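Notes for the one structure printed next.
The values are calculated or read from the model by the stated rules, or taken from the named source; none is laboratory data. The shown structure was predicted, so the numbers you read here are calculated from the model rather than taken from an experiment. Glycine gets a Cβ as well: all are built from the backbone with ideal geometry, and neighbour counts include every protein chain shown. Surface accessibility is based on the protein's heavy atoms, side chains included, excluding ligands, DNA and RNA. Shrake-Rupley method; radii C 1.70, N 1.55, O 1.52, S 1.80 Å.
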Amino acid sequence: MLAALLDGHGDFLLEDVEPVPPQPDEVVVSDPLGFACITDCIQRRDGGGQAAPHVRGHAGTGVVTAVGSAVTRVSVGQRVLAPTRPMCEKCFWCRHGQPEQCATAALPAPVVAIRADGTELRGSARVGSFAEQMKVRETQLVPIDSEISDEELVTLGCGAGGGLGAILNTATVTPGSTVLVVGSGVFGLSAVQGARIAGAARIIAVDPVSERRTLALALGATDVIDPTGTDVGEAVRELTEGRGACVVLEAIGGAEHQRRAFDFARLGGQIVLGGFGKKADEVTFPANDLAMRGKQVLSCQFGSVNILADLPRFAGFIESGDFDAKALVSARYPLESVNAALDAQDSLSILGAVIG
Ligand SMILES: [Zn+2]
Ligand SMILES: [Zn+2]
């Protein structure tokens, strides 16, 4: 089968590889549709993810074509979404309301294919959707019974699911509150829509790209800020009677942006760290402010999403028209053109892209 591999860093390699049959707990989806994420761009440029050569694509959707002997969650013919996080329903975290930290995420990903030189290939984030066949553990899958398109559904497997979850799960957004979203990519624009769904009265989106600010307004933002040459903190205080935002979603990543986000929140507000930076990054917050100003800094692994409960619910938002996923997908590229998709994303000329 054809698969897009990353070996260290650099352009994804389109290679013909030998697929491996499913283990008892594994499921095969032929011709999946994958979601190209900003992480794909970053790791193509800088490496920094899985060191060994692997099949890219950490979210995918399609119809089950084969199952291992022990699989119970899905059967052949079932439409499924493979998001970027697993949920085993059995580990400590799955049983204690934090399935986004599922212990099975630390297991080695399944071997999905063998390279011509004999190298074993695993899937990116245990998924590997940039290939003619995706093979995952059943714990990575969510059965989906919905009429929405594959292009819409697959967004929920990464950026859109994470952005909605960041607002609806991780943060506490009460009706009438003010939400600031710093960074208006797929994740941030999904959070903007989540804030609208949650009934936020004021939704402020920050992005240097004017098309993204325009889109943010169309999707529910009440105000936008161009950070180029503008003091974002001052602009936010002007919009909030000097207080700052009730909830700040940091949707860029890196210590510098995290530190700034802390100052954009009002006393007693929440700072949700939705972006991520380099592994060695360390961030410092003012100790007394952190201890006494009521500001809560919240970790945000995939929007604290319970994949089995939340992703079908989020698909319902698309069905009802409350969430516009089409606006987040600029283009569909065939697998052979995956690098062109990432070039376009990297240059900010498109927003989200789907592959397959
Ligand atoms: Zn992603
Ligand atoms: Zn688990």
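Screening THR84 against (1) within 29 Å of ILE42 (Cα to Cα); (2) away from ligand 1 (no atom under 16 Å from the Cβ); (3) among the β-branched types (Val, Ile, Thr) leaves a single unmet condition, (2).
The rows are residues; the columns are (1) under 30 Å from GLU147 (Cβ atoms); (2) surrounded by fewer than 18 Cβ atoms within 10 Å (Cβ to Cβ); (3) outside the structural domain of PRO334 (by TED's automatic domain parsing); (4) under 17 Å from the mean Cα position of the chain (by Cα).
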position	(1), (2), (3), (4)
LEU13	no, yes, no, no
PRO21	no, yes, no, no
ASP46	no, yes, no, no
ALA52	no, yes, no, no
VAL63	yes, yes, no, no
HIS96	no, yes, no, no
ALA105	no, no, no, yes
GLU120	no, yes, no, no
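If the Cβ limit is 7 Å and pairs must be 6+ apart or interchain, which residue in the stretch 148-165 that is closer than 15 Å to GLN193 by Cβ pairs with which residue that is within 16 Å of ligand 2 (Cβ to nearest atom) and open to solvent by 10 Å² or more (accessible area, probe 1.4 Å)? Sorted first by the residue in the stretch 148-165, then by its partner, the pairs are GLY161/PHE302; GLY162/PHE302; GLY165/PHE302; GLY165/SER304; GLY165/ASP310.
Applying the criterion of being farther than 20 Å from GLY220 by Cα and open to solvent by less than 10 Å² (accessible area, probe 1.4 Å) to the residues of the stretch 149-172, the residue that is farthest from ligand 1 (Cβ to nearest atom) is LEU153.
Close contacts from the stretch 21-40, counting a first residue that is farther than 16 Å from PRO83 by Cα and within 16 Å of ligand 2 (Cβ to nearest atom) and a second that is open to solvent by less than 60 Å² (accessible area, probe 1.4 Å) and outside any strand (DSSP E or B), with Cβ to Cβ under 6 Å and a gap of 6+ residues or different chains, come to ASP25/GLY68; ASP25/ALA70; ASP25/GLU138. Taken over the stretch 270-303, the residue count meeting the criterion of being aliphatic (A, V, I, L, M) and under 30 Å from ASP46 (Cα atoms) is 7.
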